[in-house]
Amino acid sequence: MAIFSAYSNNEILDFLKKNAPHAEIHLDDEVAAKHAANGNAQTEIDGHILAYIAVADVKDIRGVVKTATKFHLPIVPQGADTSTVIGADGINDALILSTARMDHIKEISKEDSVAVVEPGVINQTLDTAAREQGMFYAPDPASKPMSSIGGNVSTNAGGMSGVKYGATKDSVLGLKVMLESGEEISLGGRTFKQAFGYDLTQLFVGSEGTLGIVTEITVKLFPQPLGKKITGIAFSRIWRLWHAVLPTCAILV
Ligand SMILES: Cc1cc2nc3c(=O)[nH]c(=O)nc-3n(C[C@H](O)[C@H](O)[C@H](O)COP(=O)(O)OP(=O)(O)OC[C@H]3O[C@@H](n4cnc5c(N)ncnc54)[C@H](O)[C@@H]3O)c2cc1C
């Protein structure tokens, strides 16, 4: 644990516990070490964090933000911690704010073809829930079974279905975000067509937690295709494949 000249660590911890009452706080233990640096990247990071804090709700998030502001500490937001580019690793003296426990699907609306989720919901969990209602959630990074929607938003994650449905940014309609001031703001909405001036929703997509903490996400769902046919086609040259893919996409197959 780091030593601070102006405040003792106990002072910081007391303030944190009071302001983030439902959070699980880990200091010098195995959990904190595991989440300080996930080891997925080629570059290593020291990760001498001050604390790993798994928040339960928005009140806890505000409490962590307040603590960081008062004691001049950096916050590193974290979802399922699958980042491969040290994006979720802790820099020295940081508070890692994990939204992994905020994993409730708040709403799935068939009428509006949208879902509203907390940031810790796992991509696969949302997709499975949507499929039970005849829809699906399109963005499919290879980490789909283990990465969170909050992390997917913050990295603009994408996978194979991106060719047809785009990356995460193409499925995000609205966000709630906690700013450094402790204010929670709503961006975007739940309609495909929105005219709110500057598109601040998309500014947050892919921002890797540098602009605020994503606290709620509204995403687009698609109706499940009526049928599925898989055909194997062999191409003698890669450019022939390329010439076949473009017109196939154009007819929305
Ligand atoms: C096996 C494997 C396969 C992968 N395949 C793909 C792939 O196909 N496509 C792809 O795009 N990526 C892929 N990734 C990378 C990674 O899974 C994605 O970047 C994923 O979106 C990260 O989600 P996460 O919940 O794990 O977020 P984390 O790793 O915890 O965090 C990622 C970033 O988002 C920020 N963040 C997390 N939650 C919040 C929040 N609530 N508010 C603000 N910021 C937040 C963090 O600070 C960090 O910058 C893969 C990773 C692995 C390990």
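Quick note: the coordinates plus some simple rules give every number you see, no bench work behind them. From a predicted model like this one, the values you see are computed outputs, not experimental measurements. Cβ placement follows ideal geometry from the backbone for every residue including glycine, while neighbour counts extend to all protein chains displayed.
For K34, K229, what ranking results if the residue with the fewest other Cβ atoms within 10 Å of its Cβ goes first? Show your work: numbers first, answer last.
Working: K34 14, K229 6.
If I rank by nearby Cβ atoms, fewest first, I get K229, K34.
Just want to confirm a number: the relative contact order over region 105-223, from Cα pairs under 8 angstrom separated by 6+ residues, in percent. Let's see the in-between values first.
On the way: 238 pairs, mean separation 38.3, N = 119.
Relative contact order, region 105-223: 32 percent.
Order by neighbour count: L241, L95, L246, fewest other Cβ atoms within 10 Å first, most last. Working shown, then result.
Values: L241 12, L95 24, L246 8.
By the 10 Å Cβ count, ascending, the order reads L246, L241, L95.
Region 145-189 to region 110-129: how many Å between their Cα centroids?
About 12 Å separates the Cα centre of region 145-189 from the one of region 110-129.
Under 30 Å Cα-Cα from K66, which lysines qualify once same-chain neighbours fewer than 8 residues away are excluded?
K17, K18, K34, K106, K169, K176
From Cα pairs below 8 angstrom and at least 6 apart in sequence, can you work out the relative contact order of the chain, rounded to a whole percent?
Details: 504 pairs, mean separation 39.7, N = 253.
Relative contact order for the chain comes out at 16 percent.
Towards the positive end of the charge dipole of the chain, with charges on Cβ (+1 Lys, Arg; -1 Asp, Glu), say which of A250, T82, F71 has the farthest Cα.
A250
Counting other C-beta atoms within 10 Å, which of H72, H48, H35, H26 has the fewest, and how do the rest follow?
On the way: H72 10, H48 14, H35 23, H26 20.
Listed from fewest to most nearby Cβ atoms, that is H72, H48, H26, H35.
To the nearest Å, what is the center-to-center distance of region 1-51 and region 220-253, using C-alpha atoms only?
Computed from Cα coordinates, the inter-centre distance equals 48 Å.
Quick check on region 1-80: take the gyration tensor over C-alpha atoms, sort the square-rooted eigenvalues as a ≥ b ≥ c, and tell me if it's rounded (a/c under 1.5), prolate or oblate. The partial results should precede the final answer.
Numbers: a/c = 1.92, a/b = 1.33, b/c = 1.44.
In terms of gyration-tensor shape, oblate.
Please name which of T99, N10, V121 has its Cα lying farthest along the dipole of the chain towards the positive end, using unit charges on Cβ (Lys, Arg +1; Asp, Glu -1) and the Cα centre as origin.
V121
Please state, to two decimals, what the Cα-based radius of gyration of the chain comes to when divided by 2.2 N^0.38 Å (N = residues). The partial results should precede the final answer.
Details: Rg = 20.4 Å, N = 253, 2.2 N^0.38 = 18.0 Å.
Taking the Cα Rg and dividing by 2.2 N^0.38 Å, one obtains 1.13.
Mind telling me which of A41, A115, A54 comes out most flexible in a GNM of the chain, alpha-carbon contacts under 10 Å?
A41
Just to be sure I understand the model, the point goes 7 Å from the Cα along the line to the Cβ. What's the resulting A250 to I233 distance in nm?
Rounded to a tenth, the inter-label distance reads 1.3 nm.
Once you've got the GNM for the chain with C-alpha springs shorter than 10 Å, pick whichever of S147, S207, S236 has the biggest mean-square fluctuation.
Of S147, S207, S236, the Gaussian network model singles out S236 as fluctuating most.
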